[in-house]
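I'd like to ask some things about the structure below.
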Amino acid sequence: MLENKIYEYAVIRLVPKVEREEFFNIGLVMFSKKEKFIRMEFHLCPDKFKLMDSKMDFEDVLQNLESFQKIANGDKDGGPVALMDIPERFRWLTAVRSSSVQTSRPHPGKTQDLEKTFGKLFEELVV
């Protein structure tokens, strides 16, 4: 029998005007401490981005998301945070912040297949 793996995930959100607290989902980060698993993906649609009434620059947001991904992946180009262990990186990525790229609070779950669950959540919540 396959054992369920405990995980946590958070939705990555783009907040065009922080003071209005409106957002749309643009990514997902998931981790499992026991499985030493972390994955972060994003989908930033240029057409949807253009519909926002905001002074944000698409390339700046894209660069911010790429930095998130480097940290999640433990890429040395992601700076000192990327060199932390997986749980610390996840906690840093999901820390409350008042910037244009934010995350939801972390949500727990159980699954037998982390990759499959990540894909399902990404499709349901982001794409």
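Here, each number is a calculation from the coordinates, and none is a lab measurement. Only a predicted model underlies this, so the values are computations on that prediction, with no experimental measurement involved. So basically every Cβ, Gly included, is an ideal-geometry build from the backbone, and we count neighbours across all protein chains shown.
Mind checking the log10 I(q)/I(0) for the stretch 21-70 at q = 0.13, 0.32 Å⁻¹? Debye, one equal scatterer per Cα, no solvent, two decimals.
-0.39, -1.32
Further, regarding this structure: Which value, in nm² and rounded to one decimal, describes the direction-averaged projected area of the C-alpha convex hull of the stretch 38-98?
Projected over every direction and averaged, the Cα hull of the stretch 38-98 covers 4.7 nm².
A follow-up question, please. Report, please, the projected area of the chain averaged over directions, based on the convex hull of its C-alpha atoms, in nm².
7.9
Given a Förster distance of 30 Å, report the FRET efficiency between L62 and L83 from their Cβ-Cβ distance, rounded to the nearest 0.05.
Rounded to the nearest 0.05, the efficiency is 0.80.
Same structure again: Rank S100, S54, S67 by mean-square fluctuation in a GNM of the chain with C-alpha springs under 10 angstrom and give only the top-ranked residue.
Largest GNM mean-square fluctuation: S54.
Follow-up. Please get the size of the charge dipole for the stretch 38-116, origin at its Cα centre, with Cβ charges of +1 on Lys and Arg and -1 on Asp and Glu, quoted in debye to the nearest 20.
Its charge dipole is roughly 360 debye.
Quick one: which of K55/K116; K50/K120; K5/K55; K76/K116 span more than 31 angstrom between C-alpha atoms?
K55/K116; K5/K55
Okay, next question. Roughly how far apart, in whole Å, are the Cα centres of the stretch 8-36 and the stretch 39-111?
7
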